[in-house]
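Structure record follows, encoded as structure tokens.
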Amino acid sequence: MSTVFAITFGLLAIAGLLTLVRLVRGPRTLDRVLAIDVLVVLIVAGTAVGMAMSLRGIYIALLVAVALLGFVGSISVVRLVERREEHR
């Protein structure tokens, strides 16, 4: 079973690196916002895999809170960018 966890962490790390590339390269603000949202999801997924590996579910409430904050933050930024583009 530890092989599955190692492969999962490896795939999450590769996804994180590719997301960081998108975050740096952009080119638009919405691309960067989406990249940050994906990074939050990857962090939540990595923490969930770590919890499954250790067989302890102590951080479930924290994971839900972080995922909710990431979602609400992304929606807020998208609405802000949308309003800014309407005024141009």
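The values are calculated or read from the model by the stated rules, or taken from the named source; none is laboratory data. Just so it is clear, the model here is predicted, and its values are computed rather than measured. Positions of Cβ are backbone-derived with ideal geometry, glycine not excepted, and every protein chain shown enters the neighbour counts.
For Val40, indicate whether it is within 13 Å of the chain's Cα centre (by Cα), under 19 Å from Ala13 (Cβ atoms), modelled with pLDDT of 90 or more and of a type outside the set (Asp, Glu). Before you say what the answer is, go through the steps one by one.
Numbers: within 13 Å of the chain's Cα centre (by Cα): yes; under 19 Å from Ala13 (Cβ atoms): yes; modelled with pLDDT of 90 or more: yes; of a type outside the set (Asp, Glu): yes.
Criteria met by Val40.
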Of everything in region 22-42, what is more than 13 Å from Gly73 (Cβ to Cβ), without any contact (Cβ under 8 Å) to a residue 40 or more places away in the chain and either in contact with an Asp or Glu (Cβ under 7 Å, 6 or more places away or on another chain) or β-branched (Val, Ile, Thr) (or both)? Give them in sequence order. Arg22, Val24
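Does Val44 meet the test of being in contact with a Leu (Cβ under 7 Å, 6 or more places away or on another chain), under 30 Å from Ser2 (Cα atoms) and surrounded by 12 or more Cβ atoms within 10 Å (Cβ to Cβ)? Walk me through it before giving the result.
Numbers: in contact with a Leu (Cβ under 7 Å, 6 or more places away or on another chain): yes; under 30 Å from Ser2 (Cα atoms): yes; surrounded by 12 or more Cβ atoms within 10 Å (Cβ to Cβ): yes.
Yes, satisfied.
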Per the filter on region 16-40, residues touching a Gly at 6+ places or on another chain (Cβ under 7 Å) and hydrophobic (A, V, I, L, M, F, W, C) are Leu39, Val40
